[in-house]
Structure formats: structure tokens, C-alpha cells
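Each remark here refers to the structure printed beneath this line.
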Amino acid sequence: MRNAELTPAEQALTAAVARGHDVDLRTGDPGHDSPANAAAWGPGRAVRAEVLAGLLLGDYDDPADKPALRLAGARITGRLHLAFGEIGLPATFRDCVFDEAPDLYQARTRFLSFTGSVLPGLVASNLQVEGDLRLTGCHVTGEVRLRSARISSDFSLNGARLENPGGTAVNAEHLDVGSNLLARDGLRCDGEINLTAARVGAAVTLDDARLRAPDGRPAFDGSNMVVQVGLFARRMEVDGEFSLRFARVSGPLTLRASRLRHPGRRALHGGGLNAESGLFLSLIETEGYVWLEAAAIGRTFNLDGARLRNPGGVALAGEGLAVDGALLARGGLRAEGEINLVDASVTGPAHFHGAELVNPGGAALTANGLTVGKVLSLCDGFSARGRVRLPHARIGSRLNFYGATLAAPGAEALDCRRLEARELALRTAEPVEGTVDLRHARIGVLQDDARVWPDDLRMDGLAYEVLEPMLPAAERLGWLRRDPDGYLPNAYEQLAAMYRRLGSDADARHTLLAGQRQHRATLPWYARFWGHLQDVTVGYGFRPLRAAGWLAALLVAGTVVFSLVPPPPLKRGESPAFNAPVYTLDLLLPIIDFGQEKAFNPGGGTQWLAYGLIAAGWVLATTIAAGLTRSLRRA
């Protein structure tokens with residue numbers, strides 16, 4: 001284009017480009033120069049897009065002059081068409097207004113900046129930038145299309161305002177950024193940011209960003225994204241889904257103090273996420289659920305002070321979550337809805353000090369098959385209104401409920417079936433409202449407090465080595481009787497075995513005797529009668545001295561009576577001399593024969609006494625034999 005056909009602004013720009021000088025068409029009045037007032041700008045600030053294209057795609061004879069296009073305060077008329085172009089100089093547009101979306105499809109350039117400008121969109125798929133691409137402070141009212149683009153240095157969206165309601169504001173699928181992706185300083189975006197399978201060589205920064213896509217589309221889609229240094233999204237606000245599905249972040253990933261709203265849907269989608277240096281959701285607020293199924297988190301998963309809200313549903317879905325380090329959910333964490341950690345694993349400790357889990361009528365914490373390498377702390381003000389489910393969980397150290405409050409009235413408040421833990425502290429702040437299920441759990445040391453024993457405690461198959469405090473059997477038996485399933489032989493056997501290991505044989509016998517008495521109540525009348533006989537006579541074999549006492553009493557009674565009224569001999573002259581004590585023993589002991597019983601024939605009342613002594617002897621012998629057999633079987 002000949003120089004005579006150019007406007008003064010275009011002539012000035014043409015002269016400045018060769019030497020890399022600035023062309024500033026602004027007046028110096030901030031209000032008037034704002035791109036928002038571009039309609040009031042005069043024709044002297046207009047630059048035709050075809051002129052710009054000719055300058056950007058031109059050849060410059062003397063590269064030593066460092067050619068560059070630096071334009072400020074201009075209105076670009078027409079479509080800037082640079083598709084497939086080789087732009088050999090850096091281009092900077094500051095506070096400019098574009099009537100049409102620039103087309104840089106498959107173009108190649110050294111540096112490109114639209115700082116503070118207004119654009120109806122940007123077409124730049126497969127664009128290659130050897131330096132920075134800057135949309136800092138831009139106002140874009142259409143789609144920024146950067147699919148498969150490559151930016152060797154930084155890509156900046158700091159302070160930008162992107163508007164494409166109901167559609168995609170930034171389409172950067174497969175984008176490759178060599179250094180940082182910067183979207184902080186109050187970025188506002190109404191529409192989806194799509195960074196699916198993008199690669200960022202350094203950090204992604206979204207601090208203080210405001211993202212909105214309330215129509216059910218993701219506000220931020222970073223699925224399969226790879227970030228080499230870290231992702232920082234502190235104090236961010238999102239209306240819609242924030243997705244990092246199957247993303248990999250080599251450094252820390254933090255959403256500290258951010259607010260994510262997507263009621264009834266996924267607010268944060270991190271399924272399959274790999275956060276190698278930790279995931280930090282401390283002080284986060286969510287409406288909707290956090291989805292972290294099969295995610296892998298290194299070092300720390302931090303939920304301290306978080307507010308997770310999805311009433312009646314799942315607040316945190318972490319099935320199969322793997323944390324190679326510590327899980328921290330302290331400092332006033334409050335979850336309205338279920339926290340699901342089924343088959344999750346934590347190699348270090350998991351702390352829920354002071355956390356509040358609220359899901360009345362449902363499960364507050366579901367952690368079937370959870371594995372924790374060290375301590376699992378649900379204590380120091382921890383409260384759960386809803387079921388806490390830990391069946392088949394494996395705790396490497398201590399499971400601690402000290403000072404906790406558990407409430408699920410009419411339901412199973414704590415399910416620890418087949419739990420394995422070296423130590424279980426069930427010293428809750430108050431009695432558990434609901435059933436505690438410890439069936440078939442395997443515990444090293446079980447700590448509890450008689451003042452807060454739950455009303456319903458299921459213990460069939462429970463195995464433990466030590467109970468703390470070491471209460472006498474008379475007090476500890478009240479603990480066993482809280483099982484709603486009634487008499488369970490294993491529970492009494494387990495308690496007696498513990499007393500024997502600790503050298504308290506008397507408490508062991510007392511426990512087993514109490515078990516027999518409880519078992520008796522479940523038998524038919526004739527078995528209960530026989531049980532009463534065993535109890536009265538020998539205490540089911542656990543009171544052998546009682547049988548000796550009965551034997552001595554009957555021996556004395558028989559000796560006295562038969563001494564006063566000796567029975568006549570069966571054959572006079574052939575019978576041995578009558579001996580009342582030996583005769584009585586002969587009647588009482590059914591196996592031993594002293595020759596007295598067969599030699600004399602009592603009559604009248606003494607005959608009935610003899611029958612009674614014989615019957616008593618058989619009862620005593622049978623009950624003693626049964627008791628000894630039971631004792632030897634347990635020994």
C-alpha cells in the first residue's frame with residue numbers, strides 16, 4: 001500500500017515499526033482513552049487491519065534496527081488476518097479496540113501482547129509464540145481459541161475479563177506453555193475455560209480469579225492437564241465445576257480459601273488426579289460435592305477448616321483415594337453430607353481433630369476398607385451426626401475417639417466390624433447415641449470409660465489383648481451385657497482369657513460363671529433346672545469347694561442319723577461291724593464301694609434318707625464331672 005493512501009496514524013506506525021518505536025494514539029485523558037469509550041474516539045485513532053497485517057508480515061532489511069510493532073490506543077478496523085503467517089517481529093497492542101476477532105490460525109511469531117485491549121474473540125489455534133502471549137487486562141467478548149497452540153514462555157490472562165456466556169471463553173485444548181500460565185489479579189471469566197490435555201512447564205496461577213459457567217458446563221476444565229511446578233488457585237471463586245480430572249501436578253496444588261459453587265453437582269472434579277506434592281483444600285468452601293475417586297496425593301492432603309456442603313448427598317467422594325503422607329482435616333472442618341473414603345489409603349496419620357460431620361439419617365463418614373499407616377484421630381471435639389462406618393479398616397497405630405461425640409439414634413452409630421488396630425480409644429465425650437459394632441474386630445489395647453459405655457455394643461468375635469482400665473470382673477460384666485444379641489460365649493471367653501493372661505484367675509472364673517448364668521436364661525425349663533443344680537452345687541465347675549462343702553454337710557447329717565438309728569444287717573453274723581461315717585460315704589460316692597451299703601438294709605425314714613444320699617451323690621458326681629470337663633476344655 002502506497003504511503004499516500006495511509007492515514008496519519010498509519011503513516012506514523014509504518015515509520016515507527018522499522019525502528020521498534022512506540023506509537024501512542026491516546027490523549028492522556030484516562031476516561032476518554034479507556035477502550036470502553038472507543039465509540040467516542042475520532043477517526044484519527046483508527047488503523048486498518050490490512051495495514052497492520054502488511055507491517056507484521058513484511059520483510060525488514062536491517063534487523064539491527066530491532067523492528068517491532070508497538071501500538072497503543074488505536075481502533076483496529078476490519079479483520080486482522082495473519083493465518084499461516086510468519087511474523088518476524090514482536091507485536092504489542094495496548095488499550096486497543098478490535099472490531100473483529102484477529103485470526104492467527106497456524107501463525108508463528110516471537111512475542112504477542114494485547115494488554116488492556118478489547119477483542120470480540122481471538123482465533124489462534126496452532127499458534128506458535130517463541131516468547132510470551134499476553135492477554136493481560138483484556139476484555140474479550142467471544143471465544144479465545146488456542147487449541148494446540150504453543151507458547152515458549154508465559155501465557156498471561158492476569159486481570160482479564162472474558163465473556164462468552166453459555167459457551168467456551170478459552171478453548172485451549174492441548175495448549176503447550178513452556179513457562180507459566182498466569183490468570184491471577186482478579187481474572188473474570190463468564191464461560192468455560194478449556195485446558196484439556198494442556199501442558200504447562202512451570203506454574204498455573206489462578207489466585208483471586210472469578211470463574212462462572214452456571215449452565216452445567218465446567219467453569220474450568222483441566223482434565224488430563226500436566227503442570228510441572230504447581231497449581232495455585234487461592235481465594236478463587238467458581239460458579240460451576242472446577243475439573244482437574246486425571247490431571248498431573250508435579251508440585252503443590254492449592255485451592256486454599258477458595259469458594260466453589262455447583263449445588264447438587266460436582267463442584268471440584270479430581271477423579272484420577274495426581275497431585276505429587278500435596279493437595280491443599282484448607283478453608284475451602286464448596287456447594288456441591290468434591291470428587292476425588294482414585295486420586296493420588298503425595299505428602300499432604302489438607303482439608304483444615306474446609307466447609308463442604310451437599311446436604312443429603314456425598315460431600316467428599318474419595319473412594320480409592322491414595323495419600324502418600326498425611327491426611328489433615330482439622331481446624332473446624334465441617335461437612336454437610338457424607339465423606340466417602342471407601343478403600344482409601346493413607347500411609348501416614350489421618351487427623352480429624354475437632355471436625356464436624358453432619359448427615360443425619362445417613363452416613364457421616366464411610367470408610368470401608370480404609371488403610372491408615374499411623375494414627376486415625378476422630379477426637380478432641382470431633383462430632384458425627386450420622387453413621388461412622390469403618391468396617392474392614394486397618395489402622396497401623398491408634399484409632400482415637402477420645403472426647404468425640406457420635407450420634408445416630410436408632411441406627412448403627414459406629415461400625416467397626418473386622419477392624420484391625422493396635423489401639424482403640426473409645427473414651428467418647430458422652431455415651432454414643434446408637435449401636436457400636438465391634439464384631440470380629442482385632443484390637444491390641446482397647447481403652448474405654450464405664451461412664452460413657454454405649455447402650456448397645458455388639459462384640460461377637462471381638463478379639464483384644466488388654467482392656468484399659470483394668471476393671472474387676474464384677475464391674476466389667478456390665479459391659480458384656482450391653483450386647484443386644486444376648487449371650488455370646490466368645491465375649492465371655494475373650495474377657496476371661498485376658499484376666500488369665502494378666503494373672504487374675506479369680507476374675508476369669510467369675511467371668512465364665514457369669515456367662516453360664518446368662519446362657520441358662522436362654523435354655524428350656526428342664527435345662528434351666530439342671531443349670532440351677534450345677535450352679536448351686538459346684539458353680540458350674542468354677543466353685544469346686546462348694547461341692548466339698550455339700551459333701552461334708554451330707555456326710556455329717558448321715559453320720560448323725562445312722563449313728564442314732566443304725567440299719568439292721570442283711571445277714572446276721574455275716575455282716576461287718578456297722579460304721580456310720582463309712583456307710584454314709586458308701587451311699588454318697590457312687591463309684592467307690594466300702595462294703596457297707598450292701599451289708600445293711602435301712603428301713604422306714606432312714607431308708608428314704610439313704611435314697612436321698614444316693615441321689616445327691618450322683619448329682620454331685622455328675623455336676624463335678626461336667627464342671628471339670630468344662631474347665632479342662634478352656635484350660
Say R0 is 22 Å: what FRET efficiency, to the nearest 0.05, do Asp460 and Thr347 get from their beta-carbon distance? 0.10
Per the rule of 0.36 nm per residue minus the C-alpha distance, extending Leu570 to Arg501 adds in nm 19.1 nm
When we measure straight from the Cα of Lys598, which lysines land under 25 angstrom away, once same-chain ones fewer than 8 places off are left out? Lys571
Does anyone have the angle between helix 544-564 and the longest principal axis of the chain? Alpha-carbon axes, 0 to 90°, nearest 10? 10 degrees
In whole Hz and in residue order, list the ³J(HN,Hα) couplings for the stretch 253-269 that follow from phi through the Karplus curve 6.51 cos²θ - 1.76 cosθ + 1.60, θ = phi - 60°; x for Gly and Pro. 10, 10, 10, 3, 6, 8, 10, 10, 10, 7, x, x, 10, 6, 8, 10, 10
If contacts are Cα pairs under 8 angstrom and at least 6 residues apart, what is the relative contact order of the chain in percent? 4 percent
Determine the distance separating the Cα centre of the stretch 373-391 from the Cα centre of the stretch 180-218; give it in Å without decimals. 36 Å
Extended-chain gain in nm, criterion 0.36 nm per residue less alpha-carbon gap, Ala450 and Ala83: 124.1 nm
Which order results if Trp608, Trp291 are arranged by neighbouring Cβ count within 10 Å, fewest first? Trp608, Trp291
Residues Val123, Val129 in order from fewest to most other beta-carbon atoms within 10 Å are Val123, Val129
Fully extended contour minus Cα-Cα distance, from Arg19 to Glu475, at 0.36 nm per residue: 154.5 nm
FRET E, pair Arg427, Arg235, Förster distance 35 Å, beta-carbon r, rounded to 0.05: 0.35
How high is the FRET efficiency between His32 and Lys374 when r is their beta carbon distance and R₀ equals 51 Å, given to the nearest 0.05? 0.20
Only Cα pairs under 8 Å and at least 6 apart count here; give the relative contact order of the stretch 1-99 as a rounded whole percent. 33 percent
Near-label residues of the stretch 199-243 by backbone N, under 19 Å of a point 7 Å along Cα→Cβ of Arg299: 200-207, 226-235
Mean ellipticity per residue at 222 nm, deg cm²/dmol - from DSSP H runs of n ≥ 4 across the chain, formula -39500 (n - 2.57): -6500 deg cm²/dmol
Per DSSP, loop GluC sites (Glu not before Pro) in the stretch 265-361 with at most 15 further Cβ within 10 Å: none
Assertion target for Arg458, Arg259, ordered by fewest C-beta neighbours within 10 angstrom first, is Arg259, Arg458
With the crude spin-label approximation of a point 7 Å out along Cα→Cβ, what separation in nm comes out for Asp593 versus Arg482? 5.9 nm
Computed from the coordinates I sent, Cα Rg over 2.2 N^0.38 Å equals one of (1) 1.70; (2) 0.93; (3) 1.09. Tell me the label. (1)
If contacts are Cα pairs under 8 angstrom and at least 6 residues apart, what is the relative contact order of the stretch 368-437 in percent? 34 percent
Quick check: from the Cα gyration tensor, does the stretch 181-295 come out rounded (a/c under 1.5), prolate or oblate? rounded
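All of the numbers you see were taken from the coordinates with simple rules; none came from a lab. Values in this document were obtained by computation on a predicted structure and should not be read as measured data. Please note: Cβ atoms are built from the backbone with ideal geometry, for glycine as well, and neighbour counts cover all protein chains shown.
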